[in-house]
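Trainee: This is the structure, below, for whatever I ask next.
The values are calculated or read from the model by the stated rules, or taken from the named source; none is laboratory data. Since the model is a prediction, treat every value here as computed from it, not as a measurement. Cβ atoms come from the backbone with ideal geometry, glycine included; neighbour counts cover every protein chain shown. In case anyone asks, the SASA skips ligands and DNA or RNA and just uses the protein heavy atoms, side chains included. Shrake-Rupley method; radii C 1.70, N 1.55, O 1.52, S 1.80 Å.
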Number of protein chains: 2
Amino acid sequence: MEGGKGREREGEGGEGRGGQGGGEEPRGRSRAAPDSIKQWKREGKIAVWLHIPILQSSFIASAVSQGFTFHHAEGDSSTLTLWLGDGNSRLPGYATHQLGVAGAVLDNSTGKVLVVQDKNKTTNAWKFPGGLSDPGEDIGDTAVREVFEETGIKSEFKSILSIRQQHRHPGAFGKSDMYIICRLEPSSFNISFCQQECLRCEWMDLDELAKTKDATPITSSVAKLLLYGYREGFDKIDITMKEFSAVYTGLVYKLYHRELPESYKDMGGL
Amino acid sequence: MEGGKGREREGEGGEGRGGQGGGEEPRGRSRAAPDSIKQWKREGKIAVWLHIPILQSSFIASAVSQGFTFHHAEGDSSTLTLWLGDGNSRLPGYATHQLGVAGAVLDNSTGKVLVVQDKNKTTNAWKFPGGLSDPGEDIGDTAVREVFEETGIKSEFKSILSIRQQHRHPGAFGKSDMYIICRLEPSSFNISFCQQECLRCEWMDLDELAKTKDATPITSSVAKLLLYGYREGFDKIDITMKEFSAVYTGLVYKLYHRELPESYKDMGGL
């Protein structure tokens, strides 16, 4: 398994689970708990996962007295963990990043690009429309959806242009933010922008956006990159997408990288 | 603010908070709660955030009876939310992605690349060493750290080669996985691999890795990409990094995209 390793999860040596069902009482509460934990330790277990339905949350305090802490919670249940192994916990953490995606929609026939100014900001800088990914949503789909919601413009995903990583991002509840700007091609051109989110929205000369001081630094960088691609060929700037099937799960995933010449694609391997 | 928008967070019209302090009882429990909620609604508030220290978790059930659900929880506290506005909640979700990073360490003088086989797998496929990002850790730092922990090889970050997004990733607690492979240059060459994590580890001819059937599909793709760069110049494949200061917070962030010619960098803007 790629991308999901590096910590103990498969190698926990068994798990003690309690309170998985809807109304049942979590196992191992009150006096039983310390005994269970001692036994699990004797059996060589190195971690205990405790799943608690939200309505059974009164049992959390007694789990805490045994050393459990929150691993995560969402909707109507929480998950607590207790590390029994040597040293610091090697249990995998929960999701660490939110994902924001913006779309740089360029009209190739006019050289104009779609930009917005956010409402309720102290400085009115131009930027590309975008927003947070919905759970389970692909990068390109977020870009297309957010552009449409904010500006009324329909578009198609072409490539990824840039990726930004920022930690302790404002509004991310102490977590990190991944922010991806995509290149999109418009299929409609009449702006009808969201009055709640945007102060202004317009098709601006890409050349002008690349030069203006009234743009956020990242918008300015990507505008220059897009201008370079517009003039010299988008193959100079595109990070393109290929779809794969994950053999071991049947899940589909998308891989983004620089375009590979055909001679390399055909050289064998998988 | 880029990347952190698209949902209501700043525009909530005020928040009702309870139980922020260490030992104090959350405000608005029992009979008080419905009255508070009615009043907040009258005042035009559209959402309530409730922060509950883990030891006060017995109050969660009464919050649930008022319609609260978990937004997130970590360590010693949980956060619940109640949407009071019209329609579906427009509150921003919690982090949606875990981040895995691997390192493709290529020895330019020999054309060999560092590969491992995971322990405890049904199929023994070659792959690049890597693992999950620690909270707050930069992409390149994760690659360098994981490569060192798994193989004993010291290396330096050069560029991002590929990005994969996969939803409902195994081991991600129902969340999505972002998996980034970086190009690294080695500064040490004697392998001393982690016996707990790896079955095998070796320097393999890049050409051989690109052709073998004994590699995961993503490893095979990236090996071909790396071979193309090795032969024709890494500028063909690199997604390079530039560091920025976020003006509004003073935080530093890293932006990755295709290299831009100097003439474009100097054209004005920010």
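Trainee: Evaluate peptide A:49-60: per residue, the Cβ atoms of other protein chains within 10 Å of its Cβ; return the mean as an integer.
Mentor: 4
Trainee: Using a ≥ b ≥ c from the Cα gyration tensor of the protein assembly as shown (square roots of the eigenvalues), is it rounded, prolate or oblate, where a/c under 1.5 gives rounded and otherwise the larger of a/b and b/c decides, a/b for prolate?
Mentor: oblate
Trainee: Using the charge dipole of the range A:200-239 (Lys, Arg: +1 at Cβ; Asp, Glu: -1 at Cβ; taken about the Cα centre), state which of A:234, A:204, A:223 has its Cα farthest towards the positive end.
Mentor: With unit charges placed on the Cβ atoms, the residue in question is A:223.
Trainee: Further question: Taking only Cα atoms and a 10 Å spring cutoff, compute GNM fluctuations for chain B and point out the largest among B:208, B:146, B:43.
Mentor: B:43
Trainee: Tell me, what is the percent relative contact order of the range A:93-241, built from C-alpha pairs under 8 Å that lie six or more residues apart?
Mentor: Values: 312 pairs, mean separation 42.8, N = 149.
Relative contact order, the range A:93-241: 29 percent.
Trainee: Quote the charge dipole size of the range B:97-236 about the Cα centre in Debye, to the nearest 20; the model charges only the Cβ of Lys and Arg (+1) and of Asp and Glu (-1). Provide the component values of the computation, followed by the final result.
Mentor: Details: 17 positive and 20 negative charges, 104 e Å.
Its charge dipole is roughly 500 debye.
Trainee: Partner chain Cβ atoms within 10 Å, averaged over the residues of B:205-216 - can you pull that number for me?
Mentor: On the way: counts 0, 0, 1, 1, 1, 4, 3, 3, 3, 2, 2, 7.
Shielding by partners across B:205-216 averages 2.
Trainee: For residue B:156, what accessible area in Å² do you get when you roll a 1.4 Å probe over the heavy atoms of the protein chains, rounding to the nearest 10?
Mentor: My reading of the accessible area for residue B:156 is about 110 Å².
Trainee: Counting Lys and Arg as +1 and Asp and Glu as -1, each charge on the Cβ, what is the dipole of chain B about the Cα centre in debye, to the nearest 20? Can you show the working numbers first?
Mentor: Values: 33 positive and 37 negative charges, 207 e Å.
So the dipole magnitude of chain B works out to roughly 1000 debye.
Trainee: Moving on to the next point. Taking every residue in B:128-139, how many Cβ atoms of other protein chains lie within 10 Å of its Cβ, on average?
Mentor: Whole-number average of other-chain Cβ neighbours for B:128-139 is 5.
Trainee: Name the residues of the range A:93-113 whose accessible area falls by at least 40 Å² when all protein chains are present instead of the chain alone, probe 1.4 Å?
Mentor: Correct list: A:94, A:95, A:96, A:97, A:99.
Trainee: For the range A:99-236, rounded, prolate or oblate, judged on the Cα gyration tensor with a ≥ b ≥ c (square roots of eigenvalues), a/c < 1.5 rounded, else prolate if a/b > b/c?
Mentor: rounded
Trainee: Follow-up question, since we're still on this one. Which of the listed residues, A:77, B:58, B:253, is farthest toward the dipole's positive end in the protein assembly as shown, when Lys, Arg count +1 and Asp, Glu count -1 at the beta-carbon?
Mentor: Farthest along the dipole direction, towards plus: B:58.
Trainee: Taking Cα atoms, how many degrees apart are the long axis of helix A:139-151 and the longest axis of chain A, rounded to 10 and kept between 0 and 90?
Mentor: Tilt relative to chain A: about 60 degrees.
Trainee: Oh, and also: Do any trypsin sites (Lys or Arg not before Pro) in the range A:171-270 lie in a loop, going by DSSP, with at most 10 other beta-carbon atoms within 10 Å of their beta carbon, and if so which?
Mentor: A:213
Trainee: Using only Cα atoms, tell me the angle between helix B:217-232 and the longest principal axis of chain B; keep it within 0 to 90° and round to the nearest 10.
Mentor: Approximately 50 degrees, to the nearest ten.
Trainee: Got a sec? Charge dipole of the range A:99-236, +1 on Cβ for Lys and Arg, -1 for Asp and Glu; which of A:170, A:181, A:195 is way out at the positive end?
Mentor: So the residue furthest toward the plus end is A:170.
Trainee: Next question, about the same structure. Roughly how large is the A-B contact in terms of buried accessible area, totalled over both chains, probe 1.4 Å, nearest 100 Å²?
Mentor: 10100 Å²
Trainee: Taking Cα atoms, how many degrees apart are the long axis of helix A:32-42 and the longest axis of chain A, rounded to 10 and kept between 0 and 90?
Mentor: 80 degrees
Trainee: Can you give the relative contact order of chain B as a percent, counting alpha carbon pairs under 8 Å and 6+ residues apart?
Mentor: Relative contact order for chain B comes out at 14 percent.
Trainee: Find every distance from the label point of residue A:136 to the corresponding label point in the other copies (7 Å from Cα along Cα→Cβ) and write them in nm, one decimal, shortest first.
Mentor: Distances to the matching label points in the other copies: 3.4 nm.
Trainee: Once R0 is set to 35 Å, what does the formula 1/(1 + (r/R0)^6) return for the Cβ-Cβ distance between residue B:202 and residue B:243, expressed as a FRET efficiency to the nearest 0.05?
Mentor: 0.55
Trainee: Describe numerically, in nm with one decimal, the distance between label points set 7 Å from Cα along Cα→Cβ at residue A:141 and at residue A:58.
Mentor: Label-label distance for residue A:141 and residue A:58, simple model: 4.2 nm.
Trainee: Per residue, how much accessible area does the protein assembly as shown have with a 1.4 Å probe, in Å²?
Mentor: Computed with neighbouring chains in place, this is 42 Å² per residue.
Trainee: In deg cm²/dmol and to the nearest 500, what is the mean residue ellipticity at 222 nm of chain A if only DSSP H runs of at least 4 residues count, each as -39500 (n - 2.57), divided by the residue total?
Mentor: -6000 deg cm²/dmol
Trainee: Another question, then. Using the 7 Å Cα-to-Cβ label point, sort the distances from residue A:36 to its equivalents in the other copies shortest first and give them in nm to one decimal.
Mentor: Inter-copy label distances (nm, one decimal, shortest first): 3.1.
Trainee: Now a separate question. Ignoring ligands, DNA and RNA, please state the percent of accessible area on the protein assembly as shown from carbon and sulfur, probe 1.4 Å.
Mentor: Details: 10630 of 22760 Å².
Reported share for carbon and sulfur atoms: 47 percent.
Trainee: If you add up the charges near residue A:220, with Lys and Arg at +1 and Asp and Glu at -1, over every other residue whose beta carbon is less than 9 angstrom from its beta carbon, what do you get?
Mentor: Local charge sum for residue A:220: +3.
Trainee: What is the dipole size for the range B:33-122, taken about its Cα centre, with +1 at each Lys and Arg Cβ and -1 at each Asp and Glu Cβ, in debye to the nearest 20?
Mentor: The dipole of the range B:33-122 has a size of about 180 debye.
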